[in-house]
Amino acid sequence: MPALTSPGIGSGLDVNGIVKQLMALESRPLAALDAKEAKQQTRLTAFGTLKGALSSFQGSVAALANPAKFNGVTAGITDATLASVSATSSAVTGSHSLEVQTLAQAQKLKSANFATTSEVVGSGTLTIQFGTYSGGSFTLNSDKAAQSITIAPGNSSLAGIRDAINQADAGVTASIVNDGSGNRLVIASKDTGLSNALKITAIDNDGNSNDNAGLSQLVYDASTGGTSNLSETVAASNANFIIDGIAISKASNKVTDALEGVTIDLLKANPGTTTTLNLARDTAGIQGAVNSFVKAFNDLNKTIVDLSKYDAATKQASILTGDSTVRSLQTSLRNEISNPLTAAGGGLSLLSDIGISFQTDGTLQLDQTKLTKVLSDPTKDISTLFASVGKTTDSQVSFVSATSDTLNGKYSLNITQMATQGNALGGAAAALSINSGSNDTLDLSIHGVSASISIAAGTYTASSLAAEIQSKINGSSAIASAGLKVSVTESAGVLKIASNQYGAASTVSITGGNGKASLFGTPVETAGLDIAGSINGITATGSGQTLTGQGSSNGLVLKITGGGTGSRGDIDFAHGFAAKLDKVIDRMLDTHLIDSRIDGINSTIKDIGSQRETLSRRLVDVEKRIRTQFSALDSMVASMTQTSNFLQQQLSKLPTIR
């Protein structure tokens, strides 16, 4: 008979329903795999959450590793209209009286009247120098380079010269003021102070650089015998003020070096009236930092508890209950917080010393009263409790940094060689008359950076010549763009150029120029030296003024800014709790303890996927086999039914036996 195309038609059985139920039984392992994968996915999410919480806590801890965070000083002033003040951690707490007598001013010069801003003034080159006028002479400010501004014929109008000066960014500003009778060019020094007065000279394209025509109309030299075609409207002046009865004069209204670590911005003069400047320890900032630490730990602890707790009431476990990695993390963190520091050096060794203690639920609690008491105790240094700190006994030796590998302890310092700066020393006294085209150029190399300078012609003293050369070198674009500086000094007329940097890389070389011989003769050039010495008897690595420890002092970095060779005292170094906890978290994250668990879970999920694929293929075969069997049964039953029906028909035709 032909094959049946619809299961159950031949037999009347619900073959599809029977197969579906049988396959549901066969598919139970597949559902078990789905449940197993869902659990692993939940564990994967849990470890990802834990890793994120650890990273967040590590970031909070890292913010406490800087000692300056705990040594902050706040500054305030009684009369804020006179000055504003700020302080760094190097400031010493206390109060000071302040009287502001005069404010610093920048010099301003004005030109003669011009009918229009488009009127042609002249072309050529303007050279601007900064310095001090005193006793009829002008002394260069050796810290500020001379600036030359080219005035092209196309920019020779009053407005064009204004724009050229401003675009040159030469330490001055230019503007045009119409006073009702004409237009005046006003040139102002950008910086205040007596030492920033202006000397403006010109190379006038009309051939005469000292008359009152062409570009020469803008020259200004108030020294005896100088030419001034500009007139002064505002004199350069220093700020004059009194701190604690001591008269002080500064070039700027922003004063950073009157009180160590304190910046005073003078706002208004009020002679005869004093105000009080208060410097106090920034206890609010410290309390905020400590509170942030406690909160950060408690946030991490909550994450750990939520992922691993067991609810006895509901007898419900969390996804990571009993996990060894979580237990190890909890134990490590609690041990590091509970164990005392060694060689802290600040009078504190336990977090409980400042009021931080564990509660029964594993959280931290801060006793604000105890913290406040510690902060008011000058014998206690809370920075040593959190940060990695080195305390030196020599004031010219400072702790710079350390690594996590640096061991706690006391380190002795011995210096065998002080750091020096590279220099070039003249072989003879310098000629003091500079003649254009004769001895007015020098070619130099500073730390390998080449530059050429031109010295203004004239007759100098040895000190003014030194200032002129320093100004020109530091004003060289090649030197300035490399971030380099030199100082030029003289002794008995012999000039010396010294780099401002220390170490073997510090070099100064006079390579040529028509002024080399007359100014320096045969110069003696000496490269700088790196600091050299040992820490705890082990030779350290020197670079410039910094010395980096090796061996047991590995990673300890010190800066030696002065003093001499020989024993230079001790350094007490210790890692604080921030460094300790940071190391624990690094061990958890960087050694891939959590990552290995995540990798293991991902591997399990991948294996489950493989098992699912295998099982799915087997179930296809099983269903095919069952359907084949039921199709055969269906056909057989259909055949038997057909035979039965035939027999019944035939039997019904037989005569009835009576």
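The values are calculated or read from the model by the stated rules, or taken from the named source; none is laboratory data. In this text the structure is predicted, and so the values were computed from the model without any measurement. Neighbour counts run over all protein chains shown; Cβ positions are idealised from the backbone, glycine included.
Count of the stretch 506-532 residues, restricted to those that are surrounded by fewer than 17 Cβ atoms within 10 Å (Cβ to Cβ) and over 30 Å from Met418 (Cα atoms), is 3. Only one of the numbered conditions (1) buried (at least 21 other Cβ atoms within 10 Å of the Cβ); (2) under 23 Å from Met418 (Cα atoms) is not met by Gly566, and that is (1). Residues in the stretch 435-445: is at least one crowded, with 21+ Cβ neighbours inside 10 Å and over 26 Å from Phe138 (Cα atoms)? Yes; the residues of the stretch 435-445 include at least one that is crowded, with 21+ Cβ neighbours inside 10 Å and over 26 Å from Phe138 (Cα atoms).
Picking from residues in the stretch 276-335 that are hydroxyl-bearing (Ser, Thr, Tyr) and under 30 Å from Val92 (Cα atoms), the one that is surrounded by the most Cβ atoms within 10 Å (Cβ to Cβ) is Thr283. Put simply, of Leu385, Leu341, Leu348 the only residue that is buried (at least 17 other Cβ atoms within 10 Å of the Cβ), outside any helix (DSSP H, G or I) and touching a Gly at 6+ places or on another chain (Cβ under 9 Å) is Leu341. As a summary of the residue check, Thr275 satisfies the conditions (1) more than 29 Å from the chain's Cα centre (by Cα); (2) within 30 Å of Ala62 (Cα to Cα); (3) hydroxyl-bearing (Ser, Thr, Tyr) except for the one numbered (2). Considering only residues in the stretch 637-658 that are over 30 Å from Arg28 (Cβ atoms) and surrounded by 12 or more Cβ atoms within 10 Å (Cβ to Cβ), the one that is modelled with the lowest pLDDT turns out to be Ala638. The single condition among (1) within 30 Å of the chain's Cα centre (by Cα); (2) part of a helix (DSSP H, G or I) that Ser596 does not meet is (1). Is one or more of the residues making up the stretch 360-382 farther than 17 Å from Lys580 by Cβ, in a strand (DSSP E or B) and modelled with pLDDT of 85 or more? Yes, the stretch 360-382 has at least one match. Of the residues making up the stretch 469-489, those that are more than 28 Å from the chain's Cα centre (by Cα), modelled with pLDDT of 90 or more and either hydroxyl-bearing (Ser, Thr, Tyr) or surrounded by fewer than 17 Cβ atoms within 10 Å (Cβ to Cβ) (or both) are Ser487, Thr489.
Residues of the stretch 223-243 being more than 12 Å from Val100 (Cα to Cα) and at pLDDT 95 or above, which ones? So that I can check it myself, show each step before the final result.
From the stretch 223-243, those more than 12 Å from Val100 (Cα to Cα) are 223-237; that's our starting set.
Across the stretch 223-243, the qualifying residues are Ser228, Asn229, Leu230, Ser231, Glu232, Thr233, Val234, Ala235, Ala236, Ser237.
Would it be correct to say that Ser553 is closer than 30 Å to Glu336 by Cα and crowded, with 16+ Cβ neighbours inside 10 Å? So Ser553 passes the test. Considering only the stretch 232-262, how many residues are part of a strand (DSSP E or B) and either among the hydrophobic types (A, V, I, L, M, F, W, C) or more than 30 Å from Val186 (Cβ to Cβ) (or both)? Counting residues in the stretch 232-262 that are part of a strand (DSSP E or B) and either among the hydrophobic types (A, V, I, L, M, F, W, C) or more than 30 Å from Val186 (Cβ to Cβ) (or both) gives 10.
Report whether or not Ser56 is in contact (Cβ under 8 Å) with a residue 12 or more places away in the chain and either of a type in the set (A, V, I, L, M) or within 30 Å of Asp323 (Cβ to Cβ) (or both). Spelling it out, Ser56 is indeed in contact (Cβ under 8 Å) with a residue 12 or more places away in the chain and either of a type in the set (A, V, I, L, M) or within 30 Å of Asp323 (Cβ to Cβ) (or both). Of Leu619, Leu589, all but one fail to be assigned to a helix (DSSP H, G or I), modelled with pLDDT under 80 and more than 30 Å from Phe386 (Cβ to Cβ); the exception is Leu619. Take the conditions (1) within 19 Å of Ile473 (Cβ to Cβ); (2) assigned to a strand (DSSP E or B); (3) without any contact (Cβ under 8 Å) to a residue 60 or more places away in the chain; Phe130 misses just one of them, which is (3).
Do you know which residues across the stretch 194-220 are assigned to a strand (DSSP E or B) and within 43 Å of the chain's Cα centre (by Cα)? Spell out how you get there, then give the answer.
Restricting attention to the stretch 194-220, the residues satisfying the condition of being assigned to a strand (DSSP E or B) are 197-204, 220.
Answer for the stretch 194-220, where residues must be assigned to a strand (DSSP E or B) and within 43 Å of the chain's Cα centre (by Cα): Ala197, Leu198, Lys199, Ile200, Thr201.
Quick check: is even one residue across the stretch 36-56 polar (S, T, N, Q), farther than 30 Å from Asp621 by Cβ, outside any loop (DSSP other than H, G, I, E, B) and touching a Phe, Trp or Tyr at 6+ places or on another chain (Cβ under 9 Å)? No. Pairs are defined by a Cβ separation below 7 Å, a sequence spacing of at least 6 or placement on different chains, a first member in the stretch 212-234 that is in contact (Cβ under 8 Å) with a residue 40 or more places away in the chain, and a second member that is in a loop (DSSP other than H, G, I, E, B) and among the charged types (D, E, K, R); the pairs so defined are Ala213/Asp206; Gly214/Asp206.
Residue pairs whose Cβ atoms lie under 9 Å apart, separated by 6 or more positions or on different chains, with the first residue in the stretch 312-337 and on the phi > 0 side of the Ramachandran plot and the second surrounded by 16 or more Cβ atoms within 10 Å (Cβ to Cβ), are Gly322/Ser308.
For the stretch 498-525, what are the residues that are under 37 Å from the mean Cα position of the chain (by Cα) and over 22 Å from Ser471 (Cα atoms)? Within the stretch 498-525, Gly503, Ala504, Ala505 qualify.
Of the residues making up the stretch 184-193, those that are assigned to a strand (DSSP E or B), of a type outside the set (Val, Ile, Thr) and surrounded by 19 or more Cβ atoms within 10 Å (Cβ to Cβ) are Arg184, Leu185, Ser189. With respect to the conditions (1) over 31 Å from the mean Cα position of the chain (by Cα); (2) touching a residue at least 60 places away in the same chain (Cβ under 8 Å); (3) on the phi < 0 side of the Ramachandran plot, Gly566 lacks only one, and its number is (3). If you go through the stretch 408-429 and pick out every residue that is closer than 30 Å to Gly72 by Cβ and buried (at least 19 other Cβ atoms within 10 Å of the Cβ), you end up with 2. Check the stretch 155-172 and report whether any residue there is touching a Phe, Trp or Tyr at 6+ places or on another chain (Cβ under 7 Å), farther than 22 Å from Gly458 by Cβ and in a strand (DSSP E or B). Scanning the stretch 155-172 turns up no residue that is touching a Phe, Trp or Tyr at 6+ places or on another chain (Cβ under 7 Å), farther than 22 Å from Gly458 by Cβ and in a strand (DSSP E or B). Selection over the stretch 235-273 of residues that are of a type in the set (Ser, Thr, Tyr) and free of Cβ contacts under 8 Å to residues at least 40 places away in the same chain gives a count of 2. Checking Ala456, Ala492, Ala466 one by one, the residue that is closer than 28 Å to Thr132 by Cα, surrounded by 22 or more Cβ atoms within 10 Å (Cβ to Cβ) and among the small types (Gly, Ala, Ser) is Ala466 and no other. Looking across Ser142, Ser148, Ser195, one residue alone is touching an Asp or Glu at 6+ places or on another chain (Cβ under 9 Å), hydroxyl-bearing (Ser, Thr, Tyr) and closer than 21 Å to Ser477 by Cα. It is Ser142.
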